[in-house]
Amino acid sequence: MSYAYLFKYIIIGDTGVGKSCLLLQFTDKRFQPVHDLTIGVEFGARMITIDGKQIKLQIWDTAGQEAFRSITRSYYRGAAGALLVYDITRRDTFNHLTTWLEDARQHSNSNMVIMLIGNKSDLESRREVKKEEGEAFAREHGLIFMETSAKTAANVEEAFINTAKEIYEKIQEGVFDINNEANGIKIGPQHSPTNTSLPLSGSGSSQGGGCC
Amino acid sequence: MSDLATPLLYIWDGDTMKAFWTFVQIMKLLKKNFEMSQNTISFQLQMLYKLIQITDSKFAEYLKENDSHNCYFAFRWIICLFKREFMKGKTDDYDDCLTVWESVWCINSFDNIEPESETATTNERVRKNIEKSNCSSPNHEEYGRPSTPKKLSNVELYLLSLSLAIIRKERDLILSKKFDACEILKHFNTLHLKENLNELLLNASQIWHWLKFDGGEEKLYTDESEKKSITTEEDFEILNNDCIKSDISTSRDVSFEWSDVCSSNFVFN
C-alpha cells in the first residue's frame, strides 16, 4: 500500500509498563494480558491518515529490562518519534523517566518528538502517580503528555496519532530534513521529489520498502 | 530468564525444587549473557559476524551495507537458547526446544571429556587447563569487573554454529528480496523453525565440527586484514570451495561426512 511518509517510532520505558500491549492495541486492536517479555526489539506497523495523507508508522517496541539496555539503545537511532511510557500504578517507573529521557536524547536526533504516556489508566484504584505529576514532567521537559489504557484502548489511537501530527507539523515547518533518513522519516515511493528524474527501477522501490 | 526457566518446570513436571537447581546449573553456563556491560553477548555477536564473513562474504557485505553487521538479530536467539524460535505459537509444546537444548548440553559436556593427547607433557596439560579456566570458567570474574572476552567457550561456539545454520537457510531469501535493516531484523525475529529442526541441528553440528576440528575457530581470531577480498559472486564460490577443500585436506582423523558439507551445506550454488 502506498504512503506519503513513513515515520519510525520507538517505544521506551521500564519493563512491565505496557509497551508491547500499547503496540498490540494500536496495530491489532486487541489486548493480551499475558505477554512474552520483549527481548531486543519487536515491530509493528500501521497506516494512518493525517491531513489527507497516508502515513505509515513503523514502530519499534524495545525491551525495558535494564540488562538489555546497552543493546536496545542502538535502536533509538533514526527515530522520528518516541513514546516514553510509565505505569501510573508504579511510582518507580515514573521516577526512572529522567534516565530514559536522557538516554533517548543522547542516542537519537535532537528533533525527535517525544510523547510521555502514563499507561494503565483503567487501574484508577491502584494509581500511584497523579495525572498532574505526569503533566508537570511533560511541561518541564517539553514533551506531549497523555494517559492511556492499553486494556480498554482509551487514548491509544490518540497517543500514536498525535505524535505523528506533531512530526508532520515539524516537516511542514521545515524542521525535519526529510531527505535525511537518519531523522526517521522516509518519503513514500510516489512522493519522492526526485522520482520524476529517475528511471522506473530507480530509488522508488528501495525507498518504498515493504517493511513490517 | 523466564524463557530459560519455563521449559525446566515442564521437564520436572512442575517440581519447583528440581527446576530451580537445574536452572542454577544453566545459569552457571549463561550468566555472562546477562551482565550489565553486555560485553560477553556483544563479543559473541561480533564473532558471529566474523563467522559469516569467513563462510559467506557476499552476505556479510550485504549485512554491512544494510547496517546489520552488529548481528543484533541473533541477540534473542543466544539469550534464550533459541527457545522462541522452536516453539509454535502459544502452545506449551517444548519438545523441539528441548531437543535443541539437549544438543547444547552435549557440547557443554564435551568440555569435560575432551581427549588429551597421550604424548602431551605435564606442562602442556597445565597450560591447557589455564587457558580453559581463562576463557570458560564460570567462576572467573566472579568478583572482579567484567572484562572483554577474547575467546568463545564451546557452548558459545555451538550457539554461533546454530545461528549460522539458520542464517544460511535464510540468506537467499534476504538477498533476493533485498531486505533493508529493519526487514532483516524483523525477518530473523519472527522465524518459526520447528519444521526445520533436524536439518538445522545437522548443519549446526557440521559447522561446529568444522570450527573445532578443521581450523575454523582459529580463523575467527585471525586479523581481518589478512583475508582475501572478494568482488564477484564467482569469486565468492571459488573461495568458499577452496576454503572447505583446504580444510578437508588438512583435517586430521575426523570421521565426519565432509562430502555432505561440501555438496549441500557450505557452498551456495
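Here are a few things to note about the model shown:
- Of all the listed residues (B:Gln38, B:Gln53), the sole one being on the phi > 0 side of the Ramachandran plot and surrounded by 19 or more Cβ atoms within 10 Å (Cβ to Cβ) is B:Gln38.
- When residues of the stretch A:36-69 are limited to those that are among the basic types (Lys, Arg) and in contact with a Lys or Arg (Cβ under 9 Å, 6 or more places away or on another chain), the one surrounded by the most Cβ atoms within 10 Å (Cβ to Cβ): A:Lys56
- Residue in the stretch A:41-58 that is out of contact with any strand residue (DSSP E or B) (no Cβ under 8 Å at 6 or more places or on another chain), within 9 Å of chain B (Cβ to nearest Cβ) and not polar (S, T, N, Q) present: no
- The stretch A:30-79, residues that are within 21 Å of B:Ala5 (Cα to Cα) and either of a type in the set (Asp, Glu) or part of a helix (DSSP H, G or I) (or both): A:Asp36, A:Glu66, A:Ala67, A:Phe68
- Pick from the stretch B:13-29, criterion surrounded by 15 or more Cβ atoms within 10 Å (Cβ to Cβ) and free of Cβ contacts under 8 Å to residues at least 60 places away in the same chain, ranking: farthest from the other protein chains (Cβ to nearest Cβ): B:Thr22
- Enumeration of residues in the stretch A:57-85 that are within 14 Å of the chain's Cα centre (by Cα) and of a type in the set (Phe, Trp, Tyr): A:Trp60, A:Tyr75, A:Tyr76
- Of all the numbered requirements in (1) surrounded by fewer than 16 Cβ atoms within 10 Å (Cβ to Cβ); (2) within 15 Å of the chain's Cα centre (by Cα); (3) basic (Lys, Arg), A:Arg139 misses one, and that requirement is (2).
- The stretch B:32-59 residues that are more than 12 Å from chain A (Cβ to nearest Cβ) and part of a helix (DSSP H, G or I), paired with ones that are surrounded by fewer than 19 Cβ atoms within 10 Å (Cβ to Cβ) and hydroxyl-bearing (Ser, Thr, Tyr) (beta carbon under 7 Å, 6 or more apart): B:Phe43/B:Thr148
- For the stretch A:92-143, a residue qualifies if it is within 21 Å of A:Tyr76 (Cα to Cα) and among the acidic types (Asp, Glu), and the qualifying residues are A:Glu102, A:Asp103.
- Checking A:Thr89 against (1) farther than 22 Å from A:Gly40 by Cβ; (2) out of contact with any Lys or Arg (no Cβ under 6 Å at 6 or more places or on another chain); (3) among the hydroxyl-bearing types (Ser, Thr, Tyr), the condition it does not meet: (2)
- Selection of the stretch A:4-54 for residues being more than 21 Å from B:Cys80 (Cβ to Cβ) and modelled with pLDDT under 90 yields only A:Pro33.
- Taken together, A:Asn109, A:Asn95 contain a single residue that is surrounded by fewer than 18 Cβ atoms within 10 Å (Cβ to Cβ), away from every other protein chain (no Cβ under 14 Å) and over 18 Å from the mean Cα position of the chain (by Cα), which is A:Asn95.
The values are calculated or read from the model by the stated rules, or taken from the named source; none is laboratory data. Note that the coordinates shown come from a computational prediction; the quantities given were computed from them, not determined experimentally. We place every Cβ from the backbone using ideal geometry, glycine too, and count neighbours over all the protein chains shown.
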